[in-house]
Amino acid sequence: MSEFSHISVLLNEVIEGLEIKPDGIYADGTVGGGGHSYEIAARLSDKGRLIGIDRDEDAVKAASERLACYGDKVKVVRGNYLDAVSILKGMGITGVDGFLLDLGVSSHQFDDAERGFSYRSDAPLDMRMDRRDELSAYNVVNEYSESELFRIIRDYGEDKFAKNIAKHIVRAREKKPIETTFELSELIKAAIPAKMREGKGHPAKKTFQAIRIEVNRELDILRDSIDGLIDYLNPGGRLCIITFQSLEDKIVKSAFRTAEDPCICPKEFPVCVCGRKSKGRVITRKAITATEEELKANNRAHSAKLRIFEKKED
């Protein structure tokens, strides 16, 4: 295992957005290497508490070591942020003052070749954030039907060559299983016309993203989590979510908008009769992005967007 390294994006913006109370309780649902959590914990008093959650065992180990200096006020556990509420309930925590989700893949996961996330290193097809999961990239590539592959590459990778890529994968695996990242990358490259590959980044980028999203159920988990996280906030508490691609950002933007204004009454109705109540307000009418200074220091920050929702006061 390579050393866990990850530069926290939008760090100052997250700390400001959370409006940290020294005696508050906070949860980082994607603790990673602990960068955001370290700065959150630094602002807590001895009465404050921070719970870090991650499904990657390497991240849990790295964050636990990094945050050990804060003693009992920080606890790092292995789990999926989809289960954050049940994890917190199991600790006797009935509500939190802030949640943070920093989505996507960490630099460590990309850089650790054996994890199979990157098309730049040759490794067994894997891409599991939680290596206890049964479904891996190998299963998706070798066992999904051509129509299923087409769907995920089209929908999750937003690749206009999805149909041809799926066809190339299926044809190749009829001869032998596709086992490595380089094998898959070469197949994708062959499926895209040469003139369309020039100057548009690596041809495998979109398909690798699509397969990774499918393996880890990233969009489903995000979609299924947001309402529950908002509900578990204490009055005035905030949910901060950093996304790195448009599919995630659309889910967050839509969920926040609905949480703020859930009314489903026809627009011509003079008053609301559906009975749906607002859960709070969207703090970020426009997503927060990285400053020029951060962009120069961290290339990964280019696609980062931060959105913030505040729970309604009693």
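May I ask you to list pairs of residues, at least six apart or on different chains, whose Cβ atoms are under 6 Å apart, with the first in segment 17-30 being without any contact (Cβ under 8 Å) to a residue 60 or more places away in the chain and the second being surrounded by fewer than 18 Cβ atoms within 10 Å (Cβ to Cβ)?
If the second residue must be surrounded by fewer than 18 Cβ atoms within 10 Å (Cβ to Cβ), the pairs left are 22/45; 23/45; 23/47.
Can you tell me which residue is least open to solvent (accessible area, probe 1.4 Å) among those in segment 277-292 that are β-branched (Val, Ile, Thr) and part of a loop (DSSP other than H, G, I, E, B)?
284
Looking at 301, 255, can you tell me which residue is under 23 Å from residue 313 (Cβ atoms), small (Gly, Ala, Ser), in a helix (DSSP H, G or I) and open to solvent by less than 50 Å² (accessible area, probe 1.4 Å)?
Of the residues listed, the single one that is under 23 Å from residue 313 (Cβ atoms), small (Gly, Ala, Ser), in a helix (DSSP H, G or I) and open to solvent by less than 50 Å² (accessible area, probe 1.4 Å) is 255.
In the list 98, 104, which residue meets the criterion of being in contact (Cβ under 8 Å) with a residue 12 or more places away in the chain, within 21 Å of the chain's Cα centre (by Cα) and assigned to a strand (DSSP E or B)?
98
Which of the residues spanning segment 67-115 are of a type in the set (D, E, K, R), touching a Ser or Thr at 6+ places or on another chain (Cβ under 8 Å) and either open to solvent by 30 Å² or more (accessible area, probe 1.4 Å) or under 26 Å from residue 13 (Cβ atoms) (or both)?
Of everything in segment 67-115, those that are of a type in the set (D, E, K, R), touching a Ser or Thr at 6+ places or on another chain (Cβ under 8 Å) and either open to solvent by 30 Å² or more (accessible area, probe 1.4 Å) or under 26 Å from residue 13 (Cβ atoms) (or both) turn out to be 102, 111.
With closer than 26 Å to residue 114 by Cα and surrounded by fewer than 19 Cβ atoms within 10 Å (Cβ to Cβ) as the only criterion, which of 189, 167, 163, 195 stands out?
None of the other options fit; the residue is 189.
Are any of the residues in segment 233-246 touching a Leu at 6+ places or on another chain (Cβ under 9 Å) and either surrounded by fewer than 21 Cβ atoms within 10 Å (Cβ to Cβ) or modelled with pLDDT under 95 (or both)?
yes
The values are calculated or read from the model by the stated rules, or taken from the named source; none is laboratory data. On a predicted model such as this, the values are computed, not experimentally measured, just so you know. So basically every Cβ, Gly included, is an ideal-geometry build from the backbone, and we count neighbours across all protein chains shown. With ligands, DNA and RNA removed, areas are computed over all heavy atoms of the protein, side chains included. Shrake-Rupley method; radii C 1.70, N 1.55, O 1.52, S 1.80 Å.
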